[in-house]
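Enquirer: So that we are looking at the same thing, I have put the structure below in structure tokens.
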Amino acid sequence: MLKRLAQILFPESESTPVEKTNYRLPLATCVVLLEVARADDDFSDVERRDILQLMQDRFELQEEEAAQLLHEAIEVRDQSADLWHFTHEINEGYSKEEKLQIIEVLWRLVYSDGVLDGHEDHLMHKLRDLLNLNQPQLIEAKMRVLNEIRNASPDA
């Protein structure tokens with residue numbers, strides 16, 4: 001497994017470009033989702049299930065494949081000093097519209113516990129910059145998610 005991680009992280013390795021492309025984007029996406037889920041120091045079972053489901057849906061993975069991807073994302077992120085490499089992969093692999101969808105997913109993770117923690121808010125602004133998005137796009141995505149949450153609430 002470590003050889004596979006090394007191939008993902010270091011482009012000069014011997015893996016083929018197709019292998020790197022096919023695996024790097026899901027891994028980068030999973031790392032960013034994981035980073036937001038862990039920003040408040042409470043990586044809940046709900047957040048874990050949401051990430052696994054998102055990875056299965058977005059990348060057409062089986063449950064076991066998504067679980068392995070999440071496990072590898074945890075290892076890779078714990079060994080990485082920053083998020084730039086991961087957001088760079090996202091910038092290279094996704095359109096602006098797809099990145100906006102990811103930002104909405106990230107906001108849903110932030111609000112999955114009903115609270116916006118200061119660390120989460122800071123991280124979302126950092127990711128906005130790393131994903132080459134602007135402040136209005138970030139806030140619009142946040143407001144869409146908050147409206148969804150309000151409309152889904154039985155008290156709404």
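Enquirer: Tilt of helix 45-59 relative to the longest C-alpha principal axis of the chain, in degrees (0 to 90, nearest 10)?
Expert: In the chain, helix 45-59 runs at an angle near 60 degrees to the longest axis.
Enquirer: Okay, moving on. How would you order 54-63, 104-113, 120-129 from highest to lowest mean count of nearby Cβ atoms within 10 Å?
Expert: 104-113, 120-129, 54-63
Enquirer: Now a separate question. At a Förster distance of 35 Å, what's the computed FRET efficiency of D42 paired with N91, Cβ-Cβ distance as r, to 0.05?
Expert: 0.75
Enquirer: While we're here: In cubic angstrom, how much convex hull volume per residue do the alpha carbon atoms of region 66-156 span? Before the final figure, lay out the partial values.
Expert: Details: hull volume 11.1 nm³, N = 91.
Value for region 66-156: 122 Å³ per residue.
Enquirer: Could I ask something else about it? Determine the calculated [θ] at 222 nm for the chain from helices alone, applying -39500 (n - 2.57) to every DSSP H run no shorter than 4 residues and normalising by the residue count; nearest 500 deg cm²/dmol. Don't skip to the answer; put the middle values down first.
Expert: Numbers: 8 runs with 117 residues, N = 156.
Helix contribution divided over all residues of the chain: -24500 deg cm²/dmol.
Enquirer: Let me ask another. In the chain, what percent of the accessible surface is made up of carbon and sulfur (1.4 Å probe, ligands and nucleic acids excluded)?
Expert: Here it works out to 50 percent.
Enquirer: Would you mind getting the accessible area per residue of the chain, heavy atoms of the protein chains only, 1.4 Å probe, in Å²?
Expert: On the way: 8860 Å² over 156 residues.
Value for the chain: 57 Å² per residue.
Enquirer: To continue, here is another question. Which one, Q68, L100, H119, is farthest towards the positive end of the dipole of region 22-130 when Lys and Arg carry +1 and Asp and Glu -1 on their Cβ?
Expert: The Cα lying farthest towards the positive end belongs to L100.
Enquirer: Helix 17-37 versus the longest principal axis of the chain: what angle, 0 to 90°, nearest 10, using Cα atoms?
Expert: The angle comes out near 30 degrees.
Enquirer: Let me ask you something else. Over region 101-154, one equal point on each Cα, no solvent: what is log10 I(q)/I(0) by the Debye formula at q = 0.12, 0.28 Å⁻¹?
Expert: Calculated log10 I(q)/I(0) at the listed q: -0.24, -1.20.
Enquirer: Next up: Evaluated at 10 °C with a viscosity of 1.306 mPa s, what Stokes-Einstein diffusion coefficient in µm²/s does the chain have when Rh comes from the Kirkwood expression over alpha-carbon pairs?
Expert: 99 µm²/s
Enquirer: Here is a further query. Could you tell me the calculated FRET efficiency between S112 and I74, based on Cβ-Cβ distance and R0 = 22 angstrom, to the nearest 0.05?
Expert: 0.75
The values are calculated or read from the model by the stated rules, or taken from the named source; none is laboratory data. All values reported here derive from a predicted model rather than from experimental measurement. In this analysis, Cβ positions are derived from the backbone assuming ideal geometry, glycine residues included, and neighbour counts consider all displayed protein chains. All accessible areas refer to the heavy atoms of the entire protein, side chains included, with ligands and DNA or RNA removed. Shrake-Rupley method; radii C 1.70, N 1.55, O 1.52, S 1.80 Å.
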